[in-house]
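Each remark here refers to the structure printed beneath this line.
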Amino acid sequence: MFAGLTLNAVVCLSRKQWWASAGLITLALAIKPLGLVLLLLAPVVYPPLIWRSAVAVVAFVAFPFLFAPTGYVLAQHHSFIVNIKSCATVSQHRFADINGVFRTFGTPIPPTASKLVRLMAGMLTAGLLWLGARPLGEPLRALWLYALATAYLMLFNPMNEANSYVIFAPAAGLWIGYWLKQNGTRNLGWFSASMVISIRLLPEALRPLFGNSFALFWHPVITAGFVGLVTWHVLRHEKPVQVCLPEQSSIKA
């Protein structure tokens, strides 16, 4: 459900349906705290979302007060914050984030340093998003946001599991489809498709040798490589790039 909400939110962004997008992003946040990444990144290239998202989040936070005592709701909000903080200090080698790669080789990033890495990566992601979005038309601008947001979640969510990569799959599939339809990027499309397919096939094939640990290493490595290809493709363009989708709506919400 989370993946579906974020995908639909990105579609609404490409169609300038601001209220619908703000609502979907906030609903994704209500289902999983992971929605915070898209909530923070989207306004970087879609300024009309700034105040609409703020209104949607305030409504989301206030909504439970209509159905439960104030003390209980405040306690639940406090528990949410405590839970988020505890998730940031995970040390078990069972998650497929960037630390899963380092833990595979016995060199985990300490919790404090890991928080700093996630913060710096978030700032870098926002900078890349802004820089790459300028020459892009829709829907590539929305797909650029989608790729960076989902890749960040896969690489820097400290409790990211191997099956969480279903969140990244739609973004990867859309970029692969785009590359395969362009005359000059079909080889890139086939190569990137083989990368994504390896996420599904290799961990199963190598399970007898490595157990579940191979996926904890391979999934984030391939995701980093894939988003690196997307970044290279986006940043090498000097002129505005626009792709028209069939029956794309121009209605502004």
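Considering 120, 195, which residue is over 15 Å from residue 3 (Cβ atoms) and in contact with a Gly (Cβ under 8 Å, 6 or more places away or on another chain)?
Going through 120, 195 in turn, the sole match is 195.
So, in segment 4-20, of the ones that are open to solvent by 20 Å² or more (accessible area, probe 1.4 Å) and touching a residue at least 40 places away in the same chain (Cβ under 8 Å), which residue ends up farthest from residue 174 (Cα to Cα)?
Result: 19.
Can you say whether residue 23 is surrounded by 12 or more Cβ atoms within 10 Å (Cβ to Cβ), over 16 Å from the mean Cα position of the chain (by Cα) and without any contact (Cβ under 8 Å) to a residue 40 or more places away in the chain, as far as the supplied structure shows?
So residue 23 passes the test.
State yes or no: is residue 205 free of Cβ contacts under 8 Å to residues at least 12 places away in the same chain and of a type outside the set (Ser, Thr, Tyr)?
Yes; evaluated as a whole, the condition is true for this residue.
Could you say whether any residue in segment 170-177 is in a helix (DSSP H, G or I), surrounded by fewer than 14 Cβ atoms within 10 Å (Cβ to Cβ), modelled with pLDDT of 95 or more and not small (Gly, Ala, Ser)?
Checked segment 170-177: no residue is in a helix (DSSP H, G or I), surrounded by fewer than 14 Cβ atoms within 10 Å (Cβ to Cβ), modelled with pLDDT of 95 or more and not small (Gly, Ala, Ser).
To keep it simple, each residue is scored yes or no on (1) at pLDDT below 90; (2) crowded, with 18+ Cβ neighbours inside 10 Å; (3) part of a helix (DSSP H, G or I).
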{"position": "204", "(1), (2), (3)": "yes, no, yes"}
{"position": "209", "(1), (2), (3)": "yes, no, yes"}
{"position": "216", "(1), (2), (3)": "yes, yes, yes"}
{"position": "224", "(1), (2), (3)": "no, no, yes"}
{"position": "248", "(1), (2), (3)": "yes, no, no"}
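So, in segment 143-169, of the ones that are touching a Phe, Trp or Tyr at 6+ places or on another chain (Cβ under 9 Å), among the small types (Gly, Ala, Ser) and modelled with pLDDT of 95 or more, which residue ends up nearest to residue 16 (Cα to Cα)?
Per the stated criteria, the residue is 147.
What is the one condition in (1) in contact (Cβ under 8 Å) with a residue 12 or more places away in the chain; (2) within 30 Å of residue 139 (Cα to Cα); (3) part of a helix (DSSP H, G or I) that residue 84 does not satisfy?
The one condition residue 84 does not meet is (2).
I'd like to check something: does segment 183-198 contain any residue that is touching a Ser or Thr at 6+ places or on another chain (Cβ under 8 Å), part of a helix (DSSP H, G or I) and of a type in the set (A, V, I, L, M)?
no
Sort out which residues of segment 178-192 are out of contact with any Leu (no Cβ under 6 Å at 6 or more places or on another chain) and open to solvent by 20 Å² or more (accessible area, probe 1.4 Å), and write them in order of number.
Selection gives 178, 180, 181, 182, 183, 184, 187, 188, 190, 191.
Based on what the data block shows, is residue 77 farther than 24 Å from residue 7 by Cβ, outside any helix (DSSP H, G or I) and not small (Gly, Ala, Ser)?
Numbers: farther than 24 Å from residue 7 by Cβ: yes; outside any helix (DSSP H, G or I): no; not small (Gly, Ala, Ser): yes.
Against the criterion (farther than 24 Å from residue 7 by Cβ, outside any helix (DSSP H, G or I) and not small (Gly, Ala, Ser)), residue 77 does not qualify.
Tell me yes or no: at least one residue of segment 40-55 is aromatic (Phe, Trp, Tyr), modelled with pLDDT of 95 or more and touching a helix residue (DSSP H, G or I) at 6+ places or on another chain (Cβ under 6 Å).
Among the residues of segment 40-55, at least one is aromatic (Phe, Trp, Tyr), modelled with pLDDT of 95 or more and touching a helix residue (DSSP H, G or I) at 6+ places or on another chain (Cβ under 6 Å), which makes the answer yes.
Restricting attention to segment 73-122, and to residues there that are closer than 21 Å to residue 36 by Cβ, among the basic types (Lys, Arg) and modelled with pLDDT of 80 or more, which single residue is surrounded by the fewest Cβ atoms within 10 Å (Cβ to Cβ)?
115
What tally of residues in segment 1-59 results from selecting those that are outside any helix (DSSP H, G or I), in contact with a Ser or Thr (Cβ under 9 Å, 6 or more places away or on another chain) and either at positive phi or aliphatic (A, V, I, L, M) (or both)?
Residues meeting the conditions: 2.
With the condition kept exactly as written, say whether any residue in segment 47-69 is closer than 30 Å to residue 213 by Cα and open to solvent by 80 Å² or more (accessible area, probe 1.4 Å).
Checked against the condition, which is being closer than 30 Å to residue 213 by Cα and open to solvent by 80 Å² or more (accessible area, probe 1.4 Å), segment 47-69 yields no hits at all.
The values are calculated or read from the model by the stated rules, or taken from the named source; none is laboratory data. Keep in mind that what you see is a predicted model, and the values were worked out from it rather than measured. Cβ sites come from the backbone with ideal geometry, for glycine too, and all protein chains shown count toward neighbours. Quick note on the areas: whole protein, heavy atoms, side chains included, nothing else; ligands and nucleic acids left out. Shrake-Rupley method; radii C 1.70, N 1.55, O 1.52, S 1.80 Å.
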